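Nothing in this text is a laboratory measurement; each read-out follows from the coordinates by a stated rule. What you are looking at is a predicted structure, and each value in this text was computed from that prediction instead of being measured. Please note: Cβ atoms are built from the backbone with ideal geometry, for glycine as well, and neighbour counts cover all protein chains shown.
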Amino acid sequence: MDKVRRSLLIGGASSLVAPILPAPISPLNAAPLRYNLKAQRIAYNSYVVIGKTEDYSPDNGGDIVNVAFIDTSDGVVLIDTGSSRRYGEALKQLIYATTGKDVIRVYNTHFHPDHCLGNQLFDKKKIAALPKTISGLKASGEDFSSNLYRILGDWMRGTEVIIPEHVINYSSEKFGKHRFEMLPFKGHTDADLAILDHETGVLYAGDICFLDRAATTPHADLESWHKSLKEIKKIPHKIIFPGHGPADTTSRSIEQTDTYLTWLEKNLTKSARSGKDMLEAAKMPIPEKFQSIDVIELEIERSVAHLYPGIEEKTLPFLGQGDS
Ligand SMILES: [Zn+2]
């Protein structure tokens with residue numbers, strides 16, 4: 001083998017002159033990638049798989065989201081499918097190892113990629129979602145997926161966007177003894193499905209609720225989000241299972257998401273009124289009660305980018321024609 005080829009293959013001197021780029025992923029240099037998913041029983045026949053309360057990274061492979069499955073006598077009902085084909089595979093194996101049954105219904109709580117890029121492993125005719133989740137995924141799924149390929153590399157290999165084919169236009173459905181009530185909310189996105197299992201009292205809240213992990217806001221409408229949180233609070237339940245963070249028996253996830261978003265908006269409004277730019281606005285001091293929330297600094301920076309232009313527009317005085 002000539003020296004140049006060898007040097008390219010092993011990295012060699014080329015790394016001294018080339019900019020440092022992520023290593024190309026190939027079967028030769030890829031570490032074995034395996035999600036270590038674990039099912040925890042939170043109620044009768046009900047299991048959750050709790051994602052890391054982190055941002056996407058090649059270390060966690062996108063295992064940052066909560067999913068849940070319910071073992072009914074008709075088959076397994078699955079809520080969300082994770083962020084990649086590989087995650088979907090690990091999840092499917094875990095479900096079978098836990099229940100010995102196949103999945104008969106999948107719900108996608110909303111169109112964000114961490115919740116539905118594992119769809120590929122399941123029958124799309126059985127994947128159910130709200131109409132706007134389906135249209136959102138059709139419009140943005142490919143962009144979400146390419147973005148995750150850039151961040152997660154080989155974890156995403158073979159992942160394709162699968163659009164749910166079962167439209168939720170009904171208020172409940174029953175599998176075995178479990179009656180699942182469909183609760184369409186909005187605010188985190190324009191279609192956020194929460195599901196109440198009347199058999200167990202577990203309320204699967206999707207990303208309307210976060211716990212001990214900062215809420216994400218790329219498609220947020222804060223006014224609708226607060227309204228949804230108010231409504232969800234009134235629904236009798238025993239446990240809330242948020243989209244991110246641990247299962248919640250005290251409704252702390254509702255409270256924390258609500259107070260965090262209120263604080264965020266209040267501070268951004270104050271910054272806009274005092275004429276701060278985005279970079280200055282992002283430097284808000286974090287109150288003690290929020291300091292233990294994971295990924296909060298990063299999500300504040302992102303939320304400033306998502307929300308500040310709209311808040312500035314609402315806050316700044318209108319200088320129309322004729323003003324002098
Ligand atoms: Zn999410």
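Taking 4 °C and 1.567 mPa s as conditions, region 30-251 diffuses translationally at an estimated 76 µm²/s according to Stokes-Einstein applied to its Kirkwood radius (Cα pairs). Straightening the chain between LYS227 and ASP143 buys 27.3 nm, computed as 0.36 nm per residue apart minus the Cα-Cα spacing. Taking a ≥ b ≥ c as the square roots of the Cα gyration tensor eigenvalues, with a/c under 1.5 meaning rounded and otherwise prolate when a/b beats b/c, else oblate, which class fits region 91-221? Oblate.
For the chain, excluding the exposed loop sites themselves (chymotrypsin sites (Phe, Trp or Tyr not before Pro), DSSP loop, at most 12 other Cβ atoms within 10 Å), the longest remaining stretch covers 1-169. The charge dipole of the chain, taken about the Cα centre with unit charges on the Cβ atoms of Lys, Arg (+1) and Asp, Glu (-1), comes to about 660 debye, rounded to the nearest 20.
Taking a ≥ b ≥ c as the square roots of the eigenvalues of the alpha-carbon gyration tensor, region 136-202 is classed prolate because a/c is 1.5 or more and a/b outweighs b/c. Going from the fewest other Cβ atoms within 10 Å to the most, the residues ILE300, ILE208 appear in the order ILE300, ILE208.
Express in whole angstrom the spacing between the alpha-carbon centres of region 56-111 and region 153-194. Here the answer is 12 Å between Cα centres.
For region 159-308, the extents of the C-alpha atoms along the principal axes are 56, 35, 30 Å, listed from largest to smallest.
Between rounded, prolate and oblate, where does region 169-252 land on the alpha carbon gyration tensor, with a ≥ b ≥ c its root eigenvalues, rounded for a/c under 1.5, else prolate if a/b exceeds b/c? It comes out oblate by the Cα gyration axes.
Among the GluC sites (Glu not before Pro) within region 146-231, those in coil by DSSP and having at most 14 neighbouring Cβ atoms inside 10 Å are GLU160, GLU165.
As a proxy for reagent exposure, MET156, MET284 were ordered by neighbouring Cβ count within 10 angstrom, fewest first; the result is MET284, MET156. Between TYR170 and GLN93, the distance separating the two model label sites (each 7 Å from Cα on the Cα→Cβ line) works out to 3.4 nm.
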